[in-house]
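Read through the structure below, which is laid out as structure tokens, and then see the notes.
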Amino acid sequence: MSSSLDRQQAAFASGMSAAASKLTGGTKRALAPPSPSPSVGSTASAAPAGGSTPRKDRDTPGASGHAIVYSQPAMTGTGDSIIAQMAYAVSWLRTKDDPQSYLDVLGYLSGTNRAESEQEYFVEQMRRHPQIQWIPDPTLSEQTWRSGTYVHRPTIPNVKTKTQLLAYLQKKTDASGVNVKDLKDGWPDCEGALAELEADHKILVVRWKKDGVAKTVWLDDPSLFHQIDPELKIMWAKVEVPSLDTIVQRLKGAQQKPTSEDPRDKAAAPKVEKKKKRAQRRTGKSTNTHMEHLLKDYSHMKR
């Protein structure tokens, strides 16, 4: 019995020693975790000892020592989108008194080197813009996308002088004023002319309290202006006006009803709650004649 156990023990020991020799007998190899891309340290350590730089490192941008920041966009001047280009075109045409061709507009926007299809699309959008007016070429029987000229179409057209402004105000059929912001869309330097017309009492000007810039203008009549003696202005300013409470009391003392109620009486007056009246119930035509004494309406007898 003991001999069989000894043989099994010896066989087990020999098997374990053989397995250990297989595991430790080979060369050790360091296992590195998988990486989707080599790191900077691994590429630098992999460089040859002779000092030559691999071709991959030589072709890498920024390998010369100047770091490239990819998160910052390059300066491209005007925007490339149609909306941005159209805004610049409107601003440029606003400064021009003479009509401009499409080549002049594209030249200002540095767009003459674009593809012909892009230029044609831009011209089509210019003709649809509400602030740009297209003037067809009268010498051509059939217009193309290259024909015609372009001018700025202001919010208030044909108002660039004092005479034109007065004529525009006289033609208005309502009493509304003219917004100075809309006026500056076609007449940017109108501040001096507005100040002169205001001094001559030909227009009424409302200004912002913060900086005194003109906000709205109305038509005025110089014949309605009368010069007032400065001494009279001083005397008028010295007159003390009684308070509202005093005026109400004096009017009541003279048996007169003031147009405005006394605020103290209004505050002291008790509030009377109005009771809601309950609507009387209407009864339809009685069909049960034998029960008329039971169906009779007695709601009017309620107190």
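The values are calculated or read from the model by the stated rules, or taken from the named source; none is laboratory data. Not measured: the values here are computed from a predicted model. Neighbour counts run over all protein chains shown; Cβ positions are idealised from the backbone, glycine included. Heavy atoms of the whole protein, side chains included, go into the accessibility calculation; ligands, DNA and RNA do not. Shrake-Rupley method; radii C 1.70, N 1.55, O 1.52, S 1.80 Å.
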Inside the range 158-186, can you point out the residues that are surrounded by 12 or more Cβ atoms within 10 Å (Cβ to Cβ) and hydroxyl-bearing (Ser, Thr, Tyr)?
Thr161, Tyr168
Please work out which one of (1) part of a loop (DSSP other than H, G, I, E, B); (2) at pLDDT 85 or above is the condition Lys276 fails and give its number.
(2)
Condition check: modelled with pLDDT under 85 and of a type in the set (Lys, Arg). Does Arg94 satisfy that?
no
Index of the failed condition, Ala74 passing every other in (1) of a type outside the set (D, E, K, R); (2) open to solvent by less than 100 Å² (accessible area, probe 1.4 Å); (3) at pLDDT 55 or above
(3)
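Condition check ((1) open to solvent by less than 100 Å² (accessible area, probe 1.4 Å); (2) over 21 Å from Val180 (Cβ atoms); (3) under 29 Å from the mean Cα position of the chain (by Cα); (4) among the acidic types (Asp, Glu)) across all residues:
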position: Arg207; (1), (2), (3), (4): yes, no, yes, no
position: Lys210; (1), (2), (3), (4): no, no, yes, no
position: Val213; (1), (2), (3), (4): yes, no, yes, no
position: Asp221; (1), (2), (3), (4): yes, no, no, yes
position: Gln227; (1), (2), (3), (4): no, yes, no, no
position: Pro230; (1), (2), (3), (4): yes, yes, no, no
position: Ile234; (1), (2), (3), (4): yes, yes, no, no
position: Lys238; (1), (2), (3), (4): no, yes, no, no
position: Ser243; (1), (2), (3), (4): yes, yes, no, no
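Of all residues in the range 109-140 being of a type in the set (Gly, Ala, Ser) and assigned to a loop (DSSP other than H, G, I, E, B), which is surrounded by the fewest Cβ atoms within 10 Å (Cβ to Cβ)?
From the range 109-140, those of a type in the set (Gly, Ala, Ser) are 110-111, 115, 117; that's our starting set.
In the following step, the residues that additionally are assigned to a loop (DSSP other than H, G, I, E, B) were identified as 110-111, 115.
Working: Ser110: 12, Gly111: 18, Ala115: 8.
So, considering only residues that are of a type in the set (Gly, Ala, Ser) and assigned to a loop (DSSP other than H, G, I, E, B), the one surrounded by the fewest Cβ atoms within 10 Å (Cβ to Cβ) is Ala115.
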So for the range 97-119 (the condition being at pLDDT below 95, in contact with a strand residue (DSSP E or B) (Cβ under 7 Å, 6 or more places away or on another chain) and closer than 30 Å to Lys215 by Cβ), does at least one residue qualify?
no
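Pick from Asp189, Asp185: which is touching a residue at least 40 places away in the same chain (Cβ under 8 Å) and closer than 25 Å to Lys96 by Cα? Lay out the reasoning, then the answer.
On the way: Asp189 fails: touching a residue at least 40 places away in the same chain (Cβ under 8 Å).
Of the residues listed, the single one that is touching a residue at least 40 places away in the same chain (Cβ under 8 Å) and closer than 25 Å to Lys96 by Cα is Asp185.
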